[in-house]
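S.K.: Structure provided below as C-alpha cells; questions to follow.
Derivation of every value follows stated rules applied to the coordinates shown; laboratory data play no part. This structure is a prediction, so every number in the text was calculated from the model and none was measured. Cβ sites come from the backbone with ideal geometry, for glycine too, and all protein chains shown count toward neighbours.
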Amino acid sequence: MDLAPRNRHHLWLANPVMIASGTFGYDGYGRGIPADANLAQLGAVIPKTVTRWLRQGNPEPRWYPTSYREGLAAGETTFLNSIGLANPGIEDALARLAPQWPDIGTTVVLSLSGESAAQFGEMAAMTQGVAGFQALELNLSCPNIEDGAHFSHDPRLAAAAVAAVRANTDLPVLAKLAPNVPDITVIARAAVDAGADALTLSNTIPAMRIDVATRKPVLGGITGGLSGPGLRPVAVALVYRAAQAVDVPIIGVGGIFCARDALEYLMAGASAVQVGSATLADPRAAFRILEELKTYLAENGISSLAQVIGAALPKSSP
Ligand SMILES: Cc1cc2nc3c(=O)[nH]c(=O)nc-3n(C[C@H](O)[C@H](O)[C@H](O)COP(=O)(O)O)c2cc1C
C-alpha cells in the first residue's frame, strides 16, 4: 500500500501493521522478537526514538503495569512507562545501527526527537545520504528547551519542528502527536501545513500511580506515559477527529492488541496502525494481528482495505 499517495514523498508499506517506537529496540531483530518471526512480513518497524545526544534515561523503576484488578492477562493490562528517551544518540544510531536495518527486510522508520526546531532540522540534515530507513517519524511529545512547552501542545512549535525537518530531508515525514491537547485538529493541521506527509496518533498520556504502602510514586520518573488498552478509545477519537481535518494518511496507535482493535482505528480513518504495548506483552503480537486482519477481510469478502478505512466517518469526510 502507498501510505502517502497524494504527497510528493511516498511511503510504501507491504501492509498496514507496524511495530511502534520504543517497543522494538534498535537492532535488526527487535526486542524479544523470536528468531523464527520474519520481520519482513510486517508493514514497517520503528526503532526507539533517537535524540541529538546520548540519553541515559530516567531512574528506575521505568515500567509499571497499572491495572487495579489482579489476574488480568498481560494483553489486557494498561502500562505506565517512564523511560526518559534513553538512547545512544543519533550519531551512534546512524553509524552503528542503521547499517543493520536493511537486514530486517521491511520498511524502517527512523524516529527523531529534538529539543528545539533547529535541532530537529539538524538531526534531519544528519540523516541525509544515510541508508537503512525509508521515512522519519518526529516524536513531538517532548519539550522545546527554549520555552519548555511541548512541540505537540502548540501548533506553532509543531509546525516549526516539522518545517525544520521538511527543509532538510526528502524522506516522508510522519508527525507523531500527543493525545493530551484540547483540540487535535489544530495541531494536526499545523503539522500537515508545515509539510508532514502523515500523522501518527498518538503517543502516551501523562499519568502516574502511587504506591499506598510506601506513599511514593511507583515510577522513578514520578510521572510516565500511559499506553495499552486504556489509551485506545482516546486515540481512536483523535484519529476520528483528525481524519476529518486533514487529507494526509493517519497511522493509529494505542492499545491495539487484536485485529478488532486495529479495525476500530481503520474505520475511524487510519490508513495503517502501530502495535506498541502488545509487542512488549507478546513479541509476536504484530504478526498475529496482521494474520487476524487478513482473516477478517477474507471472511467478510472485503477485497481492499480501502473498503474499511474511514467506514465510521460521516459520509462527507475527505
Ligand atoms: C516502553 C515504551 C517506550 C516508548 N518509547 C517511545 C519512544 O521512544 N518514542 C515514541 O515516539 N514513542 C514511544 N512510546 C510510545 C509508543 O510508541 C506508542 O505510541 C504508545 O505506547 C501507544 O501505543 P500502545 O498502547 O500500543 O503501546 C513508548 C511506549 C512504551 C510502552
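S.K.: List every residue whose amide H lies under 5 Å from the amide H of Arg55, counting only residues 5 or more places away in sequence or on a different chain, with H placed 1.01 Å from N in the peptide plane.
M.R.: The answer is Asn87, Gly89.
S.K.: Follow-up question, since we're still on this one. Taking only C-alpha pairs under 8 Å that are 6+ residues apart, what is the relative contact order of the chain in percent?
M.R.: The value is 19 percent.
S.K.: Rounded to the nearest 5, what % of the DSSP beta bridges within the chain are antiparallel ones?
M.R.: Roughly 35 percent of the beta bridges in the chain run antiparallel, per DSSP.
S.K.: Just order 219-225, 190-196 by mean Cβ neighbour count inside 10 Å, highest at the front, would you?
M.R.: In descending order of packing, they fall as 190-196, 219-225.
S.K.: Rounded to the nearest 0.05, what FRET efficiency do Thr223 and Glu146 have when you use their Cβ-Cβ distance and R0 = 25 Å?
M.R.: That gives a FRET efficiency of 0.65.
S.K.: Now a separate question. Please go through the stretch 131-232 and write out the trypsin sites (Lys or Arg not before Pro) that DSSP classes as loop and that have at most 12 other C-beta atoms within 10 Å.
M.R.: When the trypsin sites (Lys or Arg not before Pro) of the stretch 131-232 are filtered for loop state and at most 12 Cβ neighbours within 10 Å, Arg215 remain.
S.K.: Another question, then. In whole percent, what relative contact order does the stretch 135-278 give with Cα contacts below 8 Å and a gap of six or more residues?
M.R.: 19
S.K.: Now, a different point. Based on the inverse mean of 1/r over its pairs of different Cα atoms, what is the Kirkwood hydrodynamic radius of the chain, in Å?
M.R.: One decimal place: 19.4 Å for the Kirkwood radius.
S.K.: Quick one: 3J(HN,Hα) in Hz for the stretch 123-138, Karplus 6.51/-1.76/1.60 with θ = phi - 60°, rounded, Gly and Pro as x.
M.R.: Values, residue by residue: 5, 4, 4, 5, 7, 4, x, 8, 8, x, 8, 10, 7, 10, 10, 8 Hz.
S.K.: Given the convex hull of the Cα atoms of the stretch 198-318, what is a quarter of its surface area in nm²?
M.R.: Convex hull of Cα atoms, orientation-averaged projection: 8.9 nm².
S.K.: Right, here's the next one. Highest mean first, how do 14-20, 287-293 rank when packing is the count of other Cβ atoms within 10 Å averaged over residues?
M.R.: Descending packing order for the listed peptides: 14-20, 287-293.
S.K.: What are the lysines whose alpha-carbon lies under 28 Å from the alpha-carbon of Lys294, with same-chain residues fewer than 8 places away excluded?
M.R.: Leaving aside lysines fewer than 8 places away in the same chain, those within reach of Lys294 are Lys48, Lys176, Lys315.
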